[in-house]
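Participant: I'd like to ask some things about the structure below.
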Amino acid sequence: SFLFYNGLNMTNSGSYGLGVMYLFEIVFLIYGVYLLIFDKYKNKALIFSWLFLGILPASLAQSEQHSLRSMVALPMLVLISAIGAYGLYLYLQKHVKLYLRKILDVLFVVIIIWNVAHAYIVFSVYFPHQRGEGFMEGTKEAVMYVLDNKDNYHEIVFDPKRGADGPYVVSIPHMYLLFYSKY
């Protein structure tokens with residue numbers, strides 16, 4: 001789930017979001033691992049070592065999984081996926097008839113378009129709505145209101161533990177006040 005539909009933590013838990021890799025790459029990744037294990041590749045020990053050493057530090061962390069911890073291993077995941085994609089392409093060229101390959105090509109393009117469209121919707125609709133609070137959404141508007149009405153109040157307090165996720169989201173609202181007031 002981390003790699004393919006929940007790793008970027010852009011939607012609420014339980015809803016289908018985005019992973020570190022696109023969902024259509026799962027076939028390529030599995031086939032790439034198969035090819036690396038059972039076929040002769042020069043640098044497969046390097047690839048698997050890099051992958052293992054990239055995942056090892058993240059596995060030792062006690063906090064939740066985070067996509068930044070996979071950055072070291074990600075180039076090898078992409079390489080294995082590319083090996084799988086190329087291997088699958090060669091296999092289909094050799095063993096599958098032309099008309100069936102065309103059908104598979106169209107199906108694959110539709111799946112890619114669906115994945116990219118879903119990623120766009122998650123980035124532009126769900127993420128701002130569900131995770132905006134964690135990115136200080138509305139703070140600029142609050143500061144602008146404070147600056148316009150500062151003479152009407154004796155004291156104005158910005159609580160760094162704010163919003164629905166208040167105990168978990170700690171922010172620095174005074175920095176926004178300093179920035180927008182040009183202090």
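The values are calculated or read from the model by the stated rules, or taken from the named source; none is laboratory data. Predicted, not measured: the structure shown is a model, and the values here were computed from it. Positions of Cβ are backbone-derived with ideal geometry, glycine not excepted, and every protein chain shown enters the neighbour counts. Note: accessible area is taken over every heavy atom of the protein model, side chains too, but ligands, DNA and RNA are not part of it. Shrake-Rupley method; radii C 1.70, N 1.55, O 1.52, S 1.80 Å.
Participant: Check 83, 112 and return the single one that is touching a residue at least 60 places away in the same chain (Cβ under 8 Å) and either assigned to a helix (DSSP H, G or I) or within 15 Å of residue 21 (Cα to Cα) (or both). It would help to see each step written out before you state the result.
Facilitator: Details: 83 fails: touching a residue at least 60 places away in the same chain (Cβ under 8 Å).
Being touching a residue at least 60 places away in the same chain (Cβ under 8 Å) and either assigned to a helix (DSSP H, G or I) or within 15 Å of residue 21 (Cα to Cα) (or both) holds for just one of 83, 112, which is 112.
Participant: Within region 80-100, can you find the residues that are over 15 Å from residue 24 (Cα atoms) and surrounded by 14 or more Cβ atoms within 10 Å (Cβ to Cβ)?
Facilitator: Matches in region 80-100: 87, 92.
Rundown of residues vs (1) at pLDDT below 85; (2) out of contact with any Phe, Trp or Tyr (no Cβ under 9 Å at 6 or more places or on another chain), yes/no style:
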| position | (1), (2) |
| --- | --- |
| 113 | no, yes |
| 118 | no, no |
| 125 | yes, yes |
| 143 | no, no |
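Participant: Among 52, 4, which is the only one that is among the aromatic types (Phe, Trp, Tyr) and either within 20 Å of residue 116 (Cβ to Cβ) or modelled with pLDDT under 70 (or both)?
Facilitator: 4
Participant: Oh, and also: Out of 132, 166, report the one residue that is surrounded by 11 or more Cβ atoms within 10 Å (Cβ to Cβ), under 20 Å from residue 19 (Cα atoms) and modelled with pLDDT under 75.
Facilitator: 132 is the lone residue from the list that is surrounded by 11 or more Cβ atoms within 10 Å (Cβ to Cβ), under 20 Å from residue 19 (Cα atoms) and modelled with pLDDT under 75.
Participant: Of (1) assigned to a helix (DSSP H, G or I); (2) within 20 Å of residue 4 (Cα to Cα), residue 20 satisfies all except one. Which?
Facilitator: (1)
Participant: Could you say whether any residue in region 63-71 is part of a helix (DSSP H, G or I), modelled with pLDDT of 90 or more, on the phi < 0 side of the Ramachandran plot and open to solvent by 50 Å² or more (accessible area, probe 1.4 Å)? Before the answer, list the steps.
Facilitator: First, the residues of region 63-71 that are part of a helix (DSSP H, G or I): 67-70.
After this cut, where a residue has to be modelled with pLDDT of 90 or more as well, the list is none.
No, there is no match, as no residue in region 63-71 is part of a helix (DSSP H, G or I), modelled with pLDDT of 90 or more, on the phi < 0 side of the Ramachandran plot and open to solvent by 50 Å² or more (accessible area, probe 1.4 Å).
Participant: In addition: When you check residue 29 against the structure, is it crowded, with 16+ Cβ neighbours inside 10 Å, at pLDDT 85 or above and assigned to a helix (DSSP H, G or I), yes or no?
Facilitator: Yes: the conditions hold for residue 29.
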